[in-house]
1. Quick one: what pairs do we get from region 325-340, first residue assigned to a loop (DSSP other than H, G, I, E, B), second open to solvent by 40 Å² or more (accessible area, probe 1.4 Å), C-beta under 7 Å, 6+ apart or different chains?
2. What are the pairs, 6+ residues apart or on separate chains, where a residue within region 269-294 that is touching a residue at least 12 places away in the same chain (Cβ under 8 Å) and among the β-branched types (Val, Ile, Thr) has its Cβ under 8 Å from a residue that is open to solvent by 10 Å² or more (accessible area, probe 1.4 Å) and within 12 Å of the ligand (Cβ to nearest atom)?
3. What number of residues within region 406-426 satisfy the criterion of being in a helix (DSSP H, G or I), within 17 Å of PRO373 (Cα to Cα) and touching a residue at least 24 places away in the same chain (Cβ under 8 Å)?
4. From PHE136, PHE162, PHE124, grab the single residue that is in contact with a strand residue (DSSP E or B) (Cβ under 7 Å, 6 or more places away or on another chain), aromatic (Phe, Trp, Tyr), free of Cβ contacts under 8 Å to residues at least 24 places away in the same chain and open to solvent by less than 70 Å² (accessible area, probe 1.4 Å).
5. Looking only at residues in region 249-261 that are within 28 Å of the chain's Cα centre (by Cα) and open to solvent by 30 Å² or more (accessible area, probe 1.4 Å), which one is nearest to the ligand (Cβ to nearest atom)?
6. Any residue in region 312-331 that is open to solvent by 30 Å² or more (accessible area, probe 1.4 Å), within 30 Å of LYS428 (Cα to Cα) and among the aliphatic types (A, V, I, L, M)?
7. If we only count helices (runs of 4 or more DSSP H) wholly inside region 1-105, which ones have 2 or more residues that are within 16 Å of the ligand (Cβ to nearest atom) and within 27 Å of the chain's Cα centre (by Cα)?
8. Identify all residues within region 295-324 that are without any contact (Cβ under 8 Å) to a residue 12 or more places away in the chain and touching a His at 6+ places or on another chain (Cβ under 8 Å); write none if there are none.
Amino acid sequence: MPQKFYITTAIHYVNDVPHIGHMYENIVADVIARHRRRMGDDVWFLTGTDEHGQRIERSAAKQGILPIELADRVVADHHALWKKLNISYDDFIRTTEARHRIGVHEIIRRMLERNPDDIYLGEFSGWYCPNDETYFTEKEVTDARCPNGHPLERAREQNYFFRLSRYQRLLLDFYKQHPDFVQPQTRFNEVIAFVQAGLKDLSVSRTSITWGIPWPGNADHITYVWLDALTNYISALGFGSSDHEKFDHYWPADVHLIGKDIIRFHAIYWPAFLMSAGVELPKKIIGHGWWLRDNQKISKSVGNIVRPENIIDDFGADAFRYFVLREMVFGQDQNYSDEAFLVRYTADLANDLGNTMSRALKMSESYFGGKTPPTPCQDNDLLRASRGLVPDYLRGMEEYAFQRALENTWRLLVAINGYIVAKEPWKKFKESGADESLSRVIWNSLESLRIVWVMLAPFMPTLTRDALARLGSDPDAIGRNALEWGQLPNNVAIRVGESMFPRADRAAYIGGTMSNPPIETTQAAPPDLAKISIDQFKEIDLRVADIRAAEKVEKSKKLIRLTVFDGENERTLVAGIATRYSPEELVGRKVVIVANLQPAKLMGVESNGMVLAASINGEPSLLSVDASVPAGTKVK
Ligand code: MSP
């Protein structure tokens, strides 16, 4: 019997379309869901929208439409975005649906039945802002004005309360018995400290009177917005309805994934509501960090929204998914910039992953006639590397430490690159052709790349299918077994195809280039005319470049046509190095180029710059730089 796994996101407000913070949350949930599914679990993944409350009422009023009209519009945008980002949710709940209303009625009914005095009528007093129609806390008030500068009144009103104070001890006992209830631990510590400091009953202020659900048997028209919102996790499963099979099967949730700003509602109030109603508590709450811009939380109210639609359109959902998971240490905050995306795209995806793929595939194509090599291999460095790294990767995935999981994936990729460089298959081919030893080397490279892509499957689902097909593997073989060495068939067709990560036009996104700071000089010696000045030297634009593609120039013994990436653009160079180097061994290599040379035609091919090489009696030896130096780095 597969293990059931129920994962939920926060339900998003519908006063506006989602921004990067919302996208991030659904991408993380999707990565978890896809991983659990391919490990064999029976997964149920829920997301949705929170459609009650004053935010949406106000937004709708501004636009002169009904709240439900605005909600319908925004929900359509949500669906389109989740489709674009490949979010594989099983269900989408809207709090305006009848099934949700039924669930909310039922939870309140059970609360009143089991603990009739948990909801009681009391008196509420506080600072009320007639302009914003909302109460503000003491902390938010300065000189009897609200943070928006409007004058406040001291107001009292009859109000319904939830007796949260009753649950302090019970919650603390529960936390003690479930030391992994909230992740990360720092956030759990904050939750525990908050509860230990004493819990006040929750009031249902005027602000939370919504166009929703009445408290049964009590007053009309009143519901507590958070009780309403949180109940989505069970109403979506049919809680309170005659069809509660899903609720019986999937509840309690295995993971409620939320942002850290709403941890109190999920880790304190929600468990208290459930205790009051006698419903089992969820197993785990994970509070992720915030995406920031200029160190401020990205949010509609701050007005610093980031919607990286252009990035997603131009580089694909998978590259974006990879970026957000690799860039953010899960649980912590992270600044967003397009520049950071482009750096990762170029370094991790285009260079490390894309180049290694095309290099290994091209060798398989030219040495083994476009098929996977005939000889498998059960004893080699890559097999050992993958057996060492896969368990660490899996631990990372289990512990929701995605950055760590991806780092381990990249370790394997680096090992593959090192292996290819060390084995020099192009030399082997020159010396003894496509023999068994070469077959093993290439098969090992392809097989370990297959494992890399299986590791990446939850992060980049679409590209994984494409990559596995190119490698000659079953594109759907991404389960537990597929992480084991030895699955790539022999003698099946491979496909090199177009580059998986086409070049990034950095200038189109960022604009301009970084200028070098002026160099201070204190020297004033008389000029030696036999030497060049520092200014003359500075006129030469020397840069590190990545070789992305290489092929022999037809009818020439010496010339190789190179496509290199200079940190900003791809360019074609022609280099007289064919007597020493084969095209295959050049791809993926870092070289130093003269970037501002006048173009010249060599054997009919225009060369835009020059690759630097030492010349040993006419035999070239390329200047090399450390693999970690990014393309575009100035050499000076
Ligand atoms: N509707 C409530 C949640 C009710 S759940 C029963 C809500 N909605 S929200 O639209 O404001 O936020 C939805 C989720 O996005 C929350 O988990 C929130 O933490 C997350 N994010 C909103 N802005 C964020 C960032 N800038 N960065 C990362 N996630 C953040 O709260």
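The values are calculated or read from the model by the stated rules, or taken from the named source; none is laboratory data. Because the structure is a prediction, the values reported are computed rather than measured. With ideal geometry, Cβ positions are generated from the backbone for all residues, glycine too; neighbour counts draw on all protein chains shown. Please note that ligands, DNA and RNA were not included when accessible areas were found on the heavy atoms of the full protein model with its side chains. Shrake-Rupley method; radii C 1.70, N 1.55, O 1.52, S 1.80 Å.
1. Taking only residues 6 or more apart or on different chains, the pairs are MET328/GLN334; ASP333/TRP290; TYR336/ARG293.
2. Cβ pairs passing all conditions: ILE285/ILE263.
3. The qualifying residues number 5.
4. On inspection, the qualifying residue turns out to be PHE136.
5. That would be ASP261.
6. No; the residues of region 312-331 include none that is open to solvent by 30 Å² or more (accessible area, probe 1.4 Å), within 30 Å of LYS428 (Cα to Cα) and among the aliphatic types (A, V, I, L, M).
7. Counting at least 2 such residues, we get 20-38, 67-84.
8. Residues satisfying the conditions do not exist here.
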